[in-house]
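Laboratory data are not the source of any read-out in this text; all were calculated from the coordinates shown. This is a predicted model, so every value here is computed, not measured. Here the Cβ positions follow ideal geometry from the backbone for every residue, glycine too, while neighbour counts run over all protein chains shown.
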There are 2 protein chains.
Amino acid sequence: MDTRQLRAFLAVVDAGGISAAAEQLGYAQSSVSDQLRTLERDLGTPVLNRTSIGTVPTEAGQRLLPYARRMLDLDGEMRRTVSGKRPLLRIGALQSLADEWLPEMLTAFDHGAAGPETADVTVTVTSRTRLMEELQEGRLDAVFTLDSGPAYDGPTAVVGTDRVVLVTAPSHPLASVHPLTLDDVRATEFMVTEIGCIYRQLFDESGRDLGPSLKIAMITGSLNALRRLTVNGRGAALLPRFSVAAELESGDLVMLDLKQGLAPLTIEARWRDGIGPAAAPLKALVELTQKFSPAAWAMA
Amino acid sequence: MDTRQLRAFLAVVDAGGISAAAEQLGYAQSSVSDQLRTLERDLGTPVLNRTSIGTVPTEAGQRLLPYARRMLDLDGEMRRTVSGKRPLLRIGALQSLADEWLPEMLTAFDHGAAGPETADVTVTVTSRTRLMEELQEGRLDAVFTLDSGPAYDGPTAVVGTDRVVLVTAPSHPLASVHPLTLDDVRATEFMVTEIGCIYRQLFDESGRDLGPSLKIAMITGSLNALRRLTVNGRGAALLPRFSVAAELESGDLVMLDLKQGLAPLTIEARWRDGIGPAAAPLKALVELTQKFSPAAWAMA
DNA sequence: CGCCCCTATCGGAGAAGCCGATGGCAGGAT
DNA sequence: ATCCTGCCATCGGCTTCTCCGATAGGGGCG
C-alpha cells in the first residue's frame, strides 16, 4: 500500500474523474488509471465505477474514503513529528472570527502567552456547517464559532462573550437622534447578509425583539461588504461588536445607544480529544482564549 | 511512503537488527537495508543507529515508532472495512479471565446475545501493565482486568464481581477442620505466585486481613501451575473464585468455609472511545458482560 | 591477530511506474 | 442517423524501483 495510490483515489473522487484528477496531480491520465488498477488489485475489489462521463465510488470505495483521508493525515503528522518540527494545529473559524478575534489570540499564543506550548497553525475559514463536518471527520483539530449551533458531543468551551450592536456611520441620521427610541430604530432600513449566513441568523434573532416591522433595505454577500457599506453611510446594521471594534475605535462607525433587545453572543471553541502531538498546544490555546477573551471582549 | 518500509522498520526495531528482521520478513538482508535507506531518504532523517552488533532507533526513529504502528493498524482496519468483512475487536485480558470468564462472554457474544452486532475477536493475554500500555497505544480496543489498578482516564465499567476464596484439595488437612478458625488458617502454608504478578497482589491484599503471620510455603510461576499444585494436594491457596470454578464443581478442590477477611474482587472493562468499525460491537460486548456477569459470578 | 556477526554497497534481473498514443464507449449536438 | 466530444482502458517504450546474491568494511571477542 502506497500513499500515492490513496492520494490518487481521493483526487479522483474529488475531481469526479480520472482525467481531471491526473491533471490536478500532475500525472498523465494513463498513470492515474494504472494507480487505481494497482490499488484495486491490492484491495481485491473495485473502488470506482467508471462511466463515460466520469467516475463514482463503489460501495467499497465509499468505505475506503475516510480511511484514505485518515491515512494521509497520519502520514503528514508522522513526517512532521519525526522531523522534530512543531506540531500542526488545524483550526477552523468563521470569517468574522478569523478576521477580528482569532488573530489576537494566535498572536498571543505565538508569543508564548499560553506557556511553553507552541505549534504551527493553519486557519480554515468556511461555514459553520462545513466547520463541524471537518471537525467530525478529524480534518480540523478545533473550530471557533458563534453561539452553539447544532449539537456536538465533543468537548466544548465558551471562550468569549460579546453582543450584537447597532451601528451606523457617524453621518447617518440615526446617529444624531438623542435619545434613541425603538420607534426610531423600527423606521430605519437595515442591511443584512443573505439567508443561510450565520450573521443573518444573528440579525433575525436580535431583530425579533425589536419587533416585526424591521425594514430590510439591502442584502449583501459578505460580512465585510456589509461593514464597508455601513462605514460609507449606506445604512444601519446589526453586527457583533468585535467585528466592528476597529471602526468603532477609529470613529468610522458609531454604536447607537440601544441596549435593549440585542442578543448576547458567545464565542465557542469545539475540539476533538486527540492523542496526537497537537493535543497539548490545543489545550493551551483554548485555555488562553478562555483567559483572554472575557477581559478583551466582555459585554459592556 | 509504502507500508512495506514501515513493516521493515518495525521488524528491525523488534528484532534488534537488520539481518534478523530480514529473515523474519522473508527478505534478503540487503533488501531490508535498501528499504531502510529508502525510508530514511523519504523522511529526510536517519531512524536507526547501526552498530556492528545490531541497530538502535535514533530519536527520530523513536518518534516514528508509534506512528508506524498506528499506520499499519489503520491499514489493516482499512482493508477489513473495505472488503466488507466483520470488524475486528482486539481484546486483552489477564490469563485467568481469558481462561475462565471471557470464553463464556465471547461465546454468548458470538451467539448474538449482544444483539445484531458481530465482530471477529482477538484475545491478547499478558500482564496488566502491558495491557494498559497496549490499550493506551491503541493496539487493543478493550481490556479486562481485575480490580482497578493504575489510573486510566478512559471509559471504564465494572462488568463482574467475584471474591477471593480459600481452596485446598479435598484431601488437605484443612479441608476436614470444622469449624475452621482463623488460627487454623494462619498455621497453614500458602502457595502464591511471584511478586509483581497480579494474583500475588490479590493474595497480599486478602491476606492482610488474615493477619501478619501467614506462612508462604511456595512460589510458583503461574496461576495455572498454582492451581494444579493445589489440586494435587500440595497446599492451600487464595484464588479468585471464578478461576477455580471448574475444580470446585468437579470436586477437585474444596472451598474452605472462611468468609471473613477475603477481599471482594471486581472484573473491570476499560476501553477506548473509538470511531472505527469496532466501536459498535465493543459497546455491545461491554453491555453484554455487564448484563451477564452479575448473575453468573455474583458474590455468594 | 583472526574470527564472527553485523551492515553497506554493487551489479544484474525482474517488476513496477510513468508516459504518449491509440482505441472503445456513451451522450449530446448537428 | 451521424459526427463530435469527453471519458477511460490499454499498449509499447523508457525509466526507475525492488529485490537478490555476492562482496566488502568494521567493530567486538576469543
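Below is a table of values for the structure above.
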| read-out | value |
| --- | --- |
| Virtual spin-label span in nm between B:E104 and B:E59, 7 Å along Cα→Cβ | 5.3 |
| If the convex hull is drawn through the Cα atoms of the protein assembly as shown, its volume per residue in Å³ | 239 |
| Convex hull projection area averaged over all views, chain B, Cα basis, nm² | 19.2 |
| Inter-copy label distances at A:S31 (7 Å, Cα→Cβ; nm, one decimal) | 2.6 |
| A:D257 paired with A:E194, simple spin-label distance in nm, labels 7 Å along Cα-to-beta-carbon | 3.9 |
| Separation of alpha-carbon centers, region B:76-109 and region A:96-154, rounded to whole Å | 38 |
| Positive-end residue of B:S96, B:G112, A:A68, charge dipole of the protein assembly as shown with Cβ unit charges | A:A68 |
| Using a 7 Å Cα-to-Cβ projection, A:T129 label spacings across copies, nm, ascending | 5.4 |
| Most positive-pole-ward Cα, B:T266, B:A28, B:T230, against dipole of chain B from beta carbon charges | B:A28 |
| Relative contact order %, region A:44-128, counting alpha carbon pairs below 8 Å whose residues are six or more apart | 26 |
| Candidates per trypsin sites (Lys or Arg not before Pro) in region A:222-289, loop by DSSP, up to 15 other Cβ within 10 Å | A:K259 |
| Average other protein chain Cβ within 10 Å of Cβ, residues B:68-74 | 3 |
| Ascending list, in nanometres, of distances separating the B:S19 label from those of the other copies (7 Å, Cα toward Cβ) | 5.7 |
| Tilt relative to chain A, helix A:59-82 - C-alpha long axis, 0 to 90 degrees, to 10 | 80 |
| Within the protein assembly as shown: Cβ-based charge dipole about Cα centre, in debye rounded to nearest 20 (Lys, Arg +1; Asp, Glu -1) | 760 |
| Spatially close lysines, pair count over the protein assembly as shown: Cα under 23 Å, gap of eight or more or interchain | 6 |
| CD proxy at 222 nm, helix term only [per DSSP H run n ≥ 4: -39500 (n - 2.57); per residue of the protein assembly as shown; nearest 500] | -13500 deg cm²/dmol |
| Residue and distance (whole Å) for the chain A Cβ nearest the axis that superposes A on B | A:D2, 2 |
| Between helix B:3-15 and chain B: long-axis angle, C-alpha atoms, 0 to 90°, nearest 10 | 50 |
